[in-house]
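Peer 1: Input: one structure, supplied below.
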Amino acid sequence: MRCFNFDKENGKSIDAYNSRGATIVHFLRHTEAFVVTIYLEPGGVLGMHPATEDQLFLVVAGGGQAIAGQEQCELAAGIAVLWQSGEEHETRAGEQGLTAIVLEGEGLGERLVRQLVG
C-alpha cells in the first residue's frame, strides 16, 4: 500500500489566466490522463481558459459556479462538470471555497458520455 498526500500545502499556486486564490496538486502527469486536485480559496477564481483536453471536474467540497460561454452551472460537493477539449471555461468559488478532483485526457468526454447515456 502507498499513501499519498494531496493537501493544498503540497500544491502550487495557479497564477495564469488572471486566477487568484487557486492551487493545484498533481497526481498523474505525462501519461494518457492527468489527475489533479484544484483548491480555490473563498471567492477564488480559476480564470477563463481553454480545456487542453477533455476535463472532468468533480467537486468534493465547497461550491461555486462553472461558466462556459452563456452557460452557468452551480457547483457543490457531488456535482461534476465535463468540458470538451478547447472549450473556454472559468470556475469561481463561493463563500466556503471549492475543492475538486480533475481528470484530463484525450477522448475522456466521449467515453464518459457513452457510459452515462448508454
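The values are calculated or read from the model by the stated rules, or taken from the named source; none is laboratory data. Quick caveat: nothing in here was measured; it's all calculated off a predicted structure. Because the Cβ atoms are built from the backbone with ideal geometry, glycine has one as well, and the counts that use them run over all protein chains shown. Ligands, DNA and RNA are stripped out before the accessible areas are found, and what is left, the full protein with its side chains, is counted by its heavy atoms. Shrake-Rupley method; radii C 1.70, N 1.55, O 1.52, S 1.80 Å.
Peer 1: Does at least one position in region 20-29 carry a residue that is β-branched (Val, Ile, Thr), open to solvent by less than 50 Å² (accessible area, probe 1.4 Å) and modelled with pLDDT of 85 or more? Break it down into steps so the answer makes sense when it comes.
Peer 2: At the first step, the residues of region 20-29 found to be β-branched (Val, Ile, Thr) are 23-25.
Pick out the ones that are also open to solvent by less than 50 Å² (accessible area, probe 1.4 Å) and you get 23-25.
Right, trim to modelled with pLDDT of 85 or more and you get 23-24.
Yes, that holds for at least one residue.
Peer 1: Mind listing just one residue for me: the one in region 33-84 that is within 14 Å of Ile101 (Cβ to Cβ) and of a type in the set (Val, Ile, Thr) and, of those, most open to solvent (accessible area, probe 1.4 Å)?
Peer 2: Checking each candidate, the answer is Val60.
Peer 1: List the residue pairs whose Cβ atoms are under 8 Å apart, where the first residue sits in region 61-80 and is of a type in the set (Val, Ile, Thr), the second is open to solvent by 60 Å² or more (accessible area, probe 1.4 Å), and the two are 6 or more positions apart or on different chains.
Peer 2: Every condition considered, the pairs that remain are Ile67/Met48; Ile67/Arg92.
Peer 1: Just name the residue that is farthest from Gly94 (Cα to Cα) out of those in region 63-72 that are under 13 Å from the mean Cα position of the chain (by Cα) and not aliphatic (A, V, I, L, M).
Peer 2: Applying the filter and picking the extreme gives Gln65.
Peer 1: From the residues in region 5-19 that are outside any strand (DSSP E or B) and hydroxyl-bearing (Ser, Thr, Tyr), which one is least open to solvent (accessible area, probe 1.4 Å)? I'd like the intermediate steps shown before the answer.
Peer 2: If we filter region 5-19 for residues that are outside any strand (DSSP E or B), which is where we start, we get 5-11, 14-19.
Applying the additional criterion that residues be hydroxyl-bearing (Ser, Thr, Tyr) yields 17, 19.
Numbers: Tyr17: 112, Ser19: 16 Å².
Within region 5-19, the match that is least open to solvent (accessible area, probe 1.4 Å) is Ser19.
Peer 1: For region 22-105, which strands (runs of 3 or more DSSP E) that fit wholly inside it have 2 or more residues that are farther than 20 Å from Asp7 by Cα and in contact with a Cys (Cβ under 9 Å, 6 or more places away or on another chain)?
Peer 2: Details: elements: 33-50, 54-68, 71-76, 80-83, 88-105.
Qualifying strands (runs of 3 or more DSSP E): 54-68.
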